Amino acid sequence: MIDRRLIQNFDWVLFLIACSLTLIGITTIYSATITITFKNGTLASQPYYMKQMIWMGIGIISLFLVLIIDYRKLGRYSYFIYGISLFLLILVLFVGKSGMGAQRWFSLGPVSFQPSEITKIFLIISLAWFLSKEQSGPMRLRDLILPAFFFLFLPLFLVLKQPDLGTALMILFIFTSMVIMAGIRWRSLLILILPALLTSPFWVKLFWNSLKDYQKARLLVFLNQDVDPLGVGYHISQSKIAIGSGKIFGKGYLAGTQGQLRFLPERHTDFIFSIFAEEWGFLASLLLLAVYVMLIFWGIGIANKAKDRLGALIAIGVVSMISVYLIVNVGMTLGLMPVVGLPLPFLSYGGTSIVAAFMAIGILMNVRMRRFMLFY
């Protein structure tokens, strides 16, 4: 039975922000895909915006499923669930569906499932559980060996094998932010950083050789965006045209050219912010980003007010994840970051990503609501 005090402390701010962003995303997906949604005046069998609405419903259900279970109970079972998610990352390398140069999806009939999206959620919970239980004071170098292997290098290796550079970046940032939040001695941090800097040529070469040809091309385009404007650099050039042509007030809903005329690839997924900016303009784009910033600061407030170490670490992990998504995706559309395939939370089309985003919000709400219950 759900305690009435939990219902009274339901976080309507987080819930309404998540739902509002998703509805904005659905309307933008509709605009971005209208030319393929209606063919010869008839509705396509499975339009993207309708599928996104279904995934939104599943995401909200997932949010409440995460919400009704005490996050401390989730922590106790997190190692087991995290182990299953790692197994799925291994399995997808052998039986996963390939697409766009990567093998990172399970195909279940008409539905595709990306295990790395859910893995990030359980990585946050399990790492927070480990750091809150195994370490009470400042972390030393030897304290990092075990978590670094299981919560950083192992998933990092599996994700890079897919390959998925964006998710690998996400895992690295989540791990780093949570370890710093947990407390680490500066001497231990320097011992880690200095050898990495001194041997950086070796690691850069190893990293470069491990990339696929299309990933190398994307990084080269990021360094010099004029190198191949009609080839690999086409995404970035069209994205910047879309954003710039929106000017201050935008061209109007359903009136964009880069999206409507299908000049911009991946316009309903990775580059959905470009479509929004083209149609609604600079001021609306600033307002959209302000909502994301509000979400991030709200999450930081939850971390600061959490009544235990576990709750604070979980909250900071979720905030880190959302922050990286936002910075990398928007930076990517502006040509300030390389194209690494990270979606914009709640706006971009994608079933697994929208469910994972709602689960992340559910975890934040879980921590906030139960801070009122600890002394009862």
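The values are calculated or read from the model by the stated rules, or taken from the named source; none is laboratory data. Because the structure is a prediction, the values reported are computed rather than measured. All Cβ positions, even for glycine, are placed from backbone atoms using ideal geometry, and neighbour counts span all protein chains on display. Calculation scope for accessible area: heavy atoms of the full protein, side chains included, ligands and nucleic acids excluded. Shrake-Rupley method; radii C 1.70, N 1.55, O 1.52, S 1.80 Å.
Output the residues belonging to segment 333-344 that are part of a loop (DSSP other than H, G, I, E, B) and not aliphatic (A, V, I, L, M).
Once the filter is applied, which keeps residues that are part of a loop (DSSP other than H, G, I, E, B) and not aliphatic (A, V, I, L, M), segment 333-344 yields Gly335, Pro338, Gly341, Pro343.
With Leu326, Leu347, Leu364 as the choices, which residue is in a loop (DSSP other than H, G, I, E, B) and either closer than 20 Å to Ile29 by Cβ or not β-branched (Val, Ile, Thr) (or both)?
Working: Leu326 fails: in a loop (DSSP other than H, G, I, E, B); Leu364 fails: in a loop (DSSP other than H, G, I, E, B).
Leu347 is the lone residue from the list that is in a loop (DSSP other than H, G, I, E, B) and either closer than 20 Å to Ile29 by Cβ or not β-branched (Val, Ile, Thr) (or both).
Given the criterion within 18 Å of Ile68 (Cβ to Cβ) and either surrounded by fewer than 24 Cβ atoms within 10 Å (Cβ to Cβ) or in contact with an Asp or Glu (Cβ under 6 Å, 6 or more places away or on another chain) (or both), identify the matching residue among Met337, Met369. Break it down into steps so the answer makes sense when it comes.
Values: Met337 fails: within 18 Å of Ile68 (Cβ to Cβ).
None of the other options fit; the residue is Met369.
Condition check: under 17 Å from Tyr349 (Cβ atoms), among the basic types (Lys, Arg) and within 19 Å of the chain's Cα centre (by Cα). Does Arg262 satisfy that?
In short, no.
Among the residues of segment 324-334 satisfying the criterion of being in contact (Cβ under 8 Å) with a residue 60 or more places away in the chain and over 19 Å from Gln114 (Cβ atoms), which is surrounded by the fewest Cβ atoms within 10 Å (Cβ to Cβ)? Even if it seems obvious, please write down each step before you answer.
Going through segment 324-334, the residues in contact (Cβ under 8 Å) with a residue 60 or more places away in the chain turn out to be 324-325, 328, 332-334.
Restricting the remaining residues to those that are over 19 Å from Gln114 (Cβ atoms) gives 333-334.
Values: Thr333: 26, Leu334: 16.
By that ranking, first place goes to Leu334.
Do you know which residues across segment 257-280 are assigned to a loop (DSSP other than H, G, I, E, B) and either open to solvent by 20 Å² or more (accessible area, probe 1.4 Å) or within 13 Å of Ile29 (Cβ to Cβ) (or both)?
Residues satisfying the conditions are Leu261, Arg262, Phe263, Pro265, Glu266, Arg267, His268, Thr269, Asp270, Phe271.
With respect to the numbered conditions (1) out of contact with any Phe, Trp or Tyr (no Cβ under 8 Å at 6 or more places or on another chain); (2) in contact (Cβ under 8 Å) with a residue 12 or more places away in the chain; (3) open to solvent by 10 Å² or more (accessible area, probe 1.4 Å), which one is the sole condition not fulfilled by Ala284?
Answer for Ala284: the failing condition is (1).
Residues in segment 289-309: is at least one surrounded by fewer than 17 Cβ atoms within 10 Å (Cβ to Cβ), within 24 Å of Tyr48 (Cβ to Cβ) and under 20 Å from the mean Cα position of the chain (by Cα)?
Within segment 289-309 (the criterion being surrounded by fewer than 17 Cβ atoms within 10 Å (Cβ to Cβ), within 24 Å of Tyr48 (Cβ to Cβ) and under 20 Å from the mean Cα position of the chain (by Cα)), the answer is yes, since at least one residue qualifies.
A quick yes/no check of all residues on (1) at pLDDT below 90; (2) touching a helix residue (DSSP H, G or I) at 6+ places or on another chain (Cβ under 8 Å):
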| residue | (1), (2) |
| --- | --- |
| Thr35 | yes, yes |
| Leu43 | yes, yes |
| Gln46 | yes, no |
| Gln52 | no, yes |
| Ile61 | no, no |
| Leu88 | yes, yes |
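Looking at (1) farther than 24 Å from Leu74 by Cα; (2) open to solvent by 10 Å² or more (accessible area, probe 1.4 Å), which is the one condition that is false for Thr352?
Looking at each condition in turn, Thr352 falls short on (1).
For Lys212, all conditions in the list (1) of a type outside the set (Gly, Ala, Ser); (2) more than 25 Å from the chain's Cα centre (by Cα); (3) open to solvent by 90 Å² or more (accessible area, probe 1.4 Å); (4) at pLDDT below 80 hold save one; what is the number of the exception?
Looking at each condition in turn, Lys212 falls short on (2).
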